Amino acid sequence: MAYAGCSPSMPSSPVPERWIARAQPWLGTLVEVALPSGEATETRFAAAFAAIEHVHRKMSPCDPASDLARIRRVAQRRAVVVHSSTYAVLQLALSLHRQSGGAFDPTVASARISALRLESRNRVRATAPIDIDLGGIAKGCAVDCAVAGLRAAGATAGLVNAGGDLRVFGTGVWTPVRLRHPGDPAIAAPLFEVQDAAVATSGDYFCDGGNLVDRRARRIRRYAGSVSVVAPSCMLADALTKIVALAPAHAPALLASYGAHAFRLHKAGGELHCATTFSSPMPHLRLAPALAA
């Protein structure tokens, strides 16, 4: 289950006043890290970008030295020891694959994520040839690792935005999130605010609808508009957007079990429509007045 063709959209969030931001190109996008001016040290920015670079190296499907490349080459013959962050992403991928009835499957070609076997001490095996492209869920993991790096370096609040994956942390720091209008990508609608939470969006506003590969049906599935998910972590939010798009029947129970919330935007009759699925309570999400009514 991956994107075919176009690149995904992104939620946007303005950096709060009196915060300082730095940006670097990683993960196929421009990654922005922002901190309150009183906490914006170069050491903290360096810690965040080092964490992002680490995930980029370990989970690249193209780098022959990455964990994914080593799994592809030898996991069917012997156990491969991967980094703990890679192992955690694969654990989540396998769990969501089962919970979504197979809708979530970050493999390519004829492979299936169900062929993966996770063993103790970060060892991975495969019962069949397997080729994994973690895509957005790896980008979400990178954002989560950057936040962990900032906290370990002593930051009490901050923001990391990597294209379609955004996470903010810090008590009392409410961050507005704008989602692009499916009919006019130059317009971004301010639909909600988040605090100590992550947001991911799947969709494409520069093609005729979004494209996802449905591994169960072995075909490309098209859907209009976008799906955004608010969740406790970025890698979880990113993965859940795909399940909401491909397996809507599984979505409400999964969102509730993870304390996540979904927004699906689509254009119909010249108007913007927003379908929502909320779990309760919502301590990290504040809706715009139009949605809260």
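What follows is calculated from the coordinates using simple rules that are stated; it is not laboratory data. Being a predicted model, the structure only gives us computed values, none of them experimental. Note: ideal-geometry Cβ built from the backbone for every residue, glycine included; neighbour counts use all protein chains shown.
Dipole magnitude for the chain: computed about the Cα centre from +1 point charges on Lys and Arg Cβ and -1 point charges on Asp and Glu Cβ, it is near 1200 debye. Highest mobility in the GNM of the chain, judged by mean-square fluctuation with C-alpha springs under 10 Å and restricted to Asp105, Asp131, Asp238, is found for Asp131. Here is the P(r) of the chain: all C-alpha pair distances, binned every 5 Å from 0, give 1, 6, 12, 17, 18, 17, 14, 9, 4, 2, 0, 0 in whole percents. Long hydrophobic helices in the chain: the complete DSSP H runs spanning 15 Å or more by Cα along their own axis with mean Kyte-Doolittle hydropathy of at least -0.5 are 42-58, 84-99, 135-152, 234-246. Counted by neighbouring Cβ atoms within 10 Å, the residues Ile187, Ile52, Ile132, Ile113 run from fewest to most as Ile187, Ile113, Ile52, Ile132. Set the Cα radius of gyration of the stretch 105-173 against 2.2 N^0.38 Å, with N its number of residues, and you get 1.50.
Going toward the positive end of the dipole of the chain, with +1 on Lys and Arg Cβ and -1 on Asp and Glu Cβ, which of Ile113, Gly135, Gly158 do you reach last? Farthest along the dipole direction, towards plus: Ile113. With no solvent and one point per C-alpha, what does the Debye sum give as log10 I(q)/I(0) for the stretch 70-197 at q = 0.21 Å⁻¹? Here the Debye-derived log intensity ratios amount to -1.15.
In loop segments of the stretch 106-145 as defined by DSSP, the trypsin sites (Lys or Arg not before Pro) with at most 12 further C-beta atoms inside 10 Å of their C-beta are Arg121.
Report summary: the helix-based calculation at 222 nm, which adds -39500 (n - 2.57) for every DSSP H run with n ≥ 4 and divides by the residues of the chain, gives -9000 deg cm²/dmol.
The orientation-averaged projection of the convex hull spanning the C-alpha atoms of the stretch 13-81 amounts to 6.0 square nanometres.
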